[in-house]
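Some notes on the structure that comes next.
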Amino acid sequence: DVSHELRTPLTVISGYLEMLGDADLNPGIRRAVKQMGEQGDRMKSLVNDLLHLSKLESNNAGTGSQWFEFQPLCAISIDQLKAYIPTSLTGEKLLGAEIHCDCISDIEVFGFADEMSSVLSNLITNAIKYGRKEGQAAQVNISIQNTHGGVEISVSDKGEGIASSHLAHLTERFYRVDESRESTVGGSGLGLAIVRHALEHHDAPLKIESTLGLGSRFSFIIPAERIRHKQN
């Protein structure tokens, strides 16, 4: 309810800020308007994530499932994020990412295409934002491979890694590993909570592995009963 109520005032505020951004303002005021606009965009993103998470939590996983092609879904997520360049909260453009994909032949999944798209987008976006070492572009690898019991999908990076004490808490709402890191690239703190709930609807628990200084790997196995290989 709160998220819905926030949408209208945020839209109005953003609209006026956009109008002010086009006006002839002195540099100091222009900079302030730009920063307010960026923070407004962050708030809108937070509201959208809250609404998405609420929808996932209330969705009956047994209703509306259907077969969908997985590889085109993955390809769209990768194409959309190849050009994604994170921006720090100070407006500084960070280096982008090199994304590699190692995928098996086409498969179909029984579930929710929009939810799986959200899973992939969140995991890849996180890898681009946090899976980097200072001054370097992120190195992101996506793997889709047959494994015992189904098909394993993983997104890994070669960033700074995450201490083991944090791993069990990463899918909690608003959990922060490092406030200083969050203050650099922002984020709602809801991405992995969204991933966890979406994967629960596909009987695919999220597995997180990480080593400090070497990087992180986020993976899940879609069970065999939800998979079928496309016939040529």
Of the residues in the range 105-129 that are in contact with a strand residue (DSSP E or B) (Cβ under 7 Å, 6 or more places away or on another chain) and of a type in the set (A, V, I, L, M), the one that is surrounded by the fewest Cβ atoms within 10 Å (Cβ to Cβ) is A113
Among the residues of the range 192-232, the number that are open to solvent by 60 Å² or more (accessible area, probe 1.4 Å) and among the aliphatic types (A, V, I, L, M) is 3
Any residue at all in the range 206-228 that is assigned to a loop (DSSP other than H, G, I, E, B) and either within 28 Å of L50 (Cβ to Cβ) or modelled with pLDDT under 85 (or both)?
yes
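For (1) under 23 Å from L53 (Cβ atoms); (2) part of a loop (DSSP other than H, G, I, E, B), each residue gets a yes or a no:
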residue	(1), (2)
I128	yes, no
N141	no, no
I144	no, no
E152	no, no
S156	no, no
V177	yes, yes
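The values are calculated or read from the model by the stated rules, or taken from the named source; none is laboratory data. The model shown is predicted, which means the values in this text are computed figures rather than measured ones. Every residue, glycine among them, receives a Cβ derived from its backbone with ideal geometry; neighbour counts consider all protein chains shown. Heavy atoms of the whole protein, side chains included, go into the accessibility calculation; ligands, DNA and RNA do not. Shrake-Rupley method; radii C 1.70, N 1.55, O 1.52, S 1.80 Å.
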